[in-house]
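What follows is calculated from the coordinates using simple rules that are stated; it is not laboratory data. Keep in mind the model is a prediction, meaning the values are calculated, not measured. Cβ placement follows ideal geometry from the backbone for every residue including glycine, while neighbour counts extend to all protein chains displayed.
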Amino acid sequence: MREWKLRSATRANVEYTIKEHSDGTLSCDCPAWLYPKGGRPRGCAHVITIATLHQQAAAQPAAQAPAVTPRRKKSPAIETPAEEPARVFRRLS
C-alpha cells in the first residue's frame, strides 16, 4: 500500500493522507472523503490530485534516451555588395 501526504489548502498545519489500496483504489482521510454530502459519490480534491498524477505518469513513455535532433548546417552567408552600382537614368522629354 502506497501513501501520500498533502497539505490542506484551506487549513493551516493540516495534512491529509491519501492511500492506494491493493485493488488500485484511492482513499483519503479528509472530511470531504469521510463524510460525503447529500448522496454524492465519495471524492475529494486530494484523491483527484493523486489520480491525475498517476494518469500523467502512465501516459509518459518509459525512460528513454532523449531524442537527438540533428543540427542544421548553417547556410552560407549571402554576400551583398556594400554599394549597388550607380544607375543612370535619362529623363525623357
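Sort Tyr16, Tyr35 so the one with the fewest other Cβ atoms within 10 Å of its own Cβ comes first.
Tyr35, Tyr16
Find how much the distance from Arg2 to Asp23 grows on full extension, using 0.36 nm per residue of separation minus their present alpha carbon separation; answer in nm with one decimal.
6.4 nm
Estimate the FRET efficiency between Ala9 and Ala59 by the formula 1/(1 + (r/R0)^6), using the beta-carbon distance for r and 25 Å for R0, to the nearest 0.05.
Efficiency for this residue pair is about 0.50.
Give me the percent of Cα-Cα pairs in the stretch 2-59 that sit more than 15 Å apart, rounded to a whole number.
Roughly 51 percent, once rounded to a whole number.
Could you list which residues have their amide H under 5 Å from that of Asp29, counting only those 5 or more apart in sequence or on another chain, with H placed in the peptide plane?
Thr17
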